[in-house]
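Undergrad: First, the structure itself, so that you have it in front of you.
The values are calculated or read from the model by the stated rules, or taken from the named source; none is laboratory data. Bear in mind that the values here come from a model prediction, so they are computed numbers and not experimental data. Virtual Cβ from ideal backbone geometry, glycine too; neighbours counted across all protein chains shown. Areas reflect the complete protein model, heavy atoms only, side chains present, ligands, DNA and RNA absent. Shrake-Rupley method; radii C 1.70, N 1.55, O 1.52, S 1.80 Å.
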Amino acid sequence: MQPLKLVAVSAGLSQPSSTRLLADRLTEAARRHLAEERATEVRVVELRDLATDIANTMVTGFPGAALREAIEAVTEADGVIAVTPIFTASYSGLFKSFFDVIDNTALAGKPVLIAATGGTARHSLALEHALRPLFAYLRAIVVPTAVYAASEDWGTGGDDRTEGLATRVSRAAEELADLVLRRPAAAEPIDAVIPFEQQLAALRP
């Protein structure tokens, strides 16, 4: 049995990035849940490394090799974790541009976990008014629990806010794993071509 493929898309711009940190936590939690049933291959796509390719593709319509490979990884994944920083009450332009260059039917029926980071908890509603509608338009299956991490959620010492983030991460990852495991397997391609004469003969009484 082939391993499941789990891909996280991180639109963080800095390095190190809280957006990447959140993507890693969600990916690891989802991998743990999936490992109870199936082996899982994990990959993180860093959009900051593809920013120039994405901009060129928006203009030319032709992705370079690195971007094309990243798009294939996302569209062929069994589950996707999409994480963006929140700028001006919405997802980042880099995040949106990446999903703009993907065919708008490629994520249909694919389980997606949405998450975001920001400086204040006031921006958490961007998950519901921006990210969830985006993936609903792409006909992805978005997990019920979205995860938002504000600056104060990264505090140390095991305070309530840190435990709250850990709980949300675990719940969302479990929901994603459940959707991935229950998703119907893709139909095997039919390679054999039946000659027309044989098809015609089958119609005769």
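Undergrad: Residues of the stretch 27-81 being part of a loop (DSSP other than H, G, I, E, B), closer than 22 Å to residue 138 by Cα and in contact (Cβ under 8 Å) with a residue 24 or more places away in the chain, which ones? Break it down stepwise before answering.
TA: Applying the first criterion (part of a loop (DSSP other than H, G, I, E, B)) to the stretch 27-81 yields 36-39, 61-64, 76-78.
Narrowing the set further to residues that are closer than 22 Å to residue 138 by Cα leaves 61-63, 76-78.
Hits for the stretch 27-81 are 63, 76, 77, 78.
Undergrad: From 60, 40, 19, grab the single residue that is among the polar types (S, T, N, Q) and either open to solvent by 50 Å² or more (accessible area, probe 1.4 Å) or within 18 Å of residue 171 (Cβ to Cβ) (or both). Please lay out each step first, then the result.
TA: Values: 40 fails: either open to solvent by 50 Å² or more (accessible area, probe 1.4 Å) or within 18 Å of residue 171 (Cβ to Cβ) (or both); 19 fails: either open to solvent by 50 Å² or more (accessible area, probe 1.4 Å) or within 18 Å of residue 171 (Cβ to Cβ) (or both).
Only one candidate passes the filter, namely 60.
Undergrad: Among the listed residues 133, 111, which satisfies the condition of being closer than 20 Å to residue 179 by Cα, open to solvent by 20 Å² or more (accessible area, probe 1.4 Å) and of a type outside the set (Gly, Ala, Ser)? Write out each step before concluding.
TA: On the way: 111 fails: open to solvent by 20 Å² or more (accessible area, probe 1.4 Å).
So the residue among 133, 111 that is closer than 20 Å to residue 179 by Cα, open to solvent by 20 Å² or more (accessible area, probe 1.4 Å) and of a type outside the set (Gly, Ala, Ser) is 133.
Undergrad: Related question: Select from the stretch 24-37 the residues that are under 16 Å from residue 111 (Cβ atoms) and surrounded by 14 or more Cβ atoms within 10 Å (Cβ to Cβ) and list them in ascending order.
TA: Taking the stretch 24-37 first, the residues under 16 Å from residue 111 (Cβ atoms) are 26-27, 29-31, 33-34, 37.
Result: 26, 27, 29, 30, 31, 33, 34.
Undergrad: Another question, if that's okay. So the check is Cβ under 6 Å with 6+ separation or different chains; which pairs have a first residue in the stretch 165-179 that's touching a residue at least 12 places away in the same chain (Cβ under 8 Å) and under 18 Å from residue 80 (Cβ atoms) and a second one that's of a type in the set (D, E, K, R) and open to solvent by 70 Å² or more (accessible area, probe 1.4 Å)?
TA: 169/25
Undergrad: Still on this structure, please answer the following. Tell me whether the stretch 113-130 contains one or more residues that are part of a loop (DSSP other than H, G, I, E, B), under 15 Å from the mean Cα position of the chain (by Cα) and at pLDDT 95 or above. So that I can check it myself, show each step before the final result.
TA: Step one: of the stretch 113-130, the residues part of a loop (DSSP other than H, G, I, E, B) are 119-120.
Then drop every residue that is not under 15 Å from the mean Cα position of the chain (by Cα), which leaves none.
Checked the stretch 113-130: no residue is part of a loop (DSSP other than H, G, I, E, B), under 15 Å from the mean Cα position of the chain (by Cα) and at pLDDT 95 or above.
Undergrad: Suppose the filter is modelled with pLDDT of 95 or more and among the acidic types (Asp, Glu); does residue 160 pass it? Give the steps one after another, and end with the answer.
TA: Working: modelled with pLDDT of 95 or more: no; among the acidic types (Asp, Glu): yes.
So residue 160 does not fit the description; no.
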